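The values are calculated or read from the model by the stated rules, or taken from the named source; none is laboratory data. Since we're looking at a predicted model, the values are computed, not measured. Quick reminder, even Gly has a Cβ in these numbers, built from the backbone with ideal geometry, and neighbours come from all protein chains shown.
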Amino acid sequence: MGSNGNQKDHGLVLSEFASYRKIADALSTYEDSRYVIFGVPFDYTSSFRRGSSRGPQEVRRAYDNLESYDVFYDVDFTKTAMCDIGDLYVTEDPDDTVDSVEQVVSIIRSDGKIPIMIGGEHSITGGSIRNYRDHGMIIIDAHSDFRYEYMGHKNNHACATRRSLEVLGEGKIFSFGTRSTSIEEFQDPDYKKVNFLRSETIHRDGIQEVYRSVESKLPDKMYFSIDMDGIDPAFAPGVGTPEPYGLKDTDVRYLIRKVSKKTYGFDVLEFTPDFDNGNTAMLAAKLIQDFVGSRESKIKF
């Protein structure tokens, strides 16, 4: 419940932050929802290919093609109590945007609901994670994102993991698919405080074995953040900073299924429509379904 004891009021409060356009299957009202979807169309600090600000609407468009029932999960998504409050209004100020994300996620969390954020660039995760100080975190990302600041901004997409470490502390972040790290990041004394699980290791040993090697270290409550460039460009070409030799789409699905039931915040980010052939938007939409579906399913993964 909200601080005034009436969560219905928060539907109106959140509408002041966001335009309203629903994702398919998000048929619930805010007060009746368990999952609250929102977009953050922000890409001001993107450093290579911009355009992820248009990601949320294209992911919604792709979602229209997905069936509302998944036979594997035995889940009807129209009955999963999803709500979509639309896209947040953002400026070009990364600090203001990150603060707005923090505030919106705080409201959603205070009402006992699970936020699903569609980006937008990875900097926005820094606002969301401030509400999960007692959680662990799984990140899917090609890059370390461990710069202290980049291009004059601490809230830059290249600093997302560093900002998350400052909130969560040592040993609680597990970044899968890493294959691009600057020498400055690698030599940072705090770099080893994050569990970077390289894509080469995952290709060699398999996602199941790599996950098993860290499973016992995962906290009981998790946040899950997907930078779409963590997935190989063969599966997800429409990203801002593509990097070869990435994860398979099914690797990411495997991880989602393993931790979804103890995950209380989820984001899918860094999808850039101008460079897509349709695959990336569809995969991003399906990953949202995989999160909700595996979390709602009676299957033990």
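Out of all the residues in the range 89-112, is one or more in contact (Cβ under 8 Å) with a residue 60 or more places away in the chain, assigned to a loop (DSSP other than H, G, I, E, B) and β-branched (Val, Ile, Thr)? So far as the range 89-112 goes, no, none of its residues is in contact (Cβ under 8 Å) with a residue 60 or more places away in the chain, assigned to a loop (DSSP other than H, G, I, E, B) and β-branched (Val, Ile, Thr). Looking across the range 184-214 at every residue that is assigned to a helix (DSSP H, G or I) and among the basic types (Lys, Arg), the one that is nearest to Met228 (Cα to Cα) is identified as Arg204. When Ile124 is tested against (1) within 22 Å of Leu197 (Cα to Cα); (2) part of a helix (DSSP H, G or I); (3) among the aliphatic types (A, V, I, L, M), exactly one condition is not met: (1). Do we have any residue at all in the range 252-271 that's assigned to a helix (DSSP H, G or I), closer than 24 Å to Ser128 by Cα and modelled with pLDDT under 95? There is no residue in the range 252-271 that is assigned to a helix (DSSP H, G or I), closer than 24 Å to Ser128 by Cα and modelled with pLDDT under 95.
Could you check, for the range 275-296, whether at least one of its residues is in a strand (DSSP E or B) and either among the basic types (Lys, Arg) or crowded, with 22+ Cβ neighbours inside 10 Å (or both)? No; the residues of the range 275-296 include none that is in a strand (DSSP E or B) and either among the basic types (Lys, Arg) or crowded, with 22+ Cβ neighbours inside 10 Å (or both).
Of all the numbered requirements in (1) within 22 Å of Met137 (Cα to Cα); (2) at pLDDT below 95; (3) not in a loop (DSSP other than H, G, I, E, B), Ile226 misses one, and that requirement is (2).
Do you know which residues across the range 129-179 are among the hydroxyl-bearing types (Ser, Thr, Tyr), over 23 Å from Ile114 (Cα atoms) and at pLDDT 95 or above? Of everything in the range 129-179, just one residue is among the hydroxyl-bearing types (Ser, Thr, Tyr), over 23 Å from Ile114 (Cα atoms) and at pLDDT 95 or above, namely Thr178.
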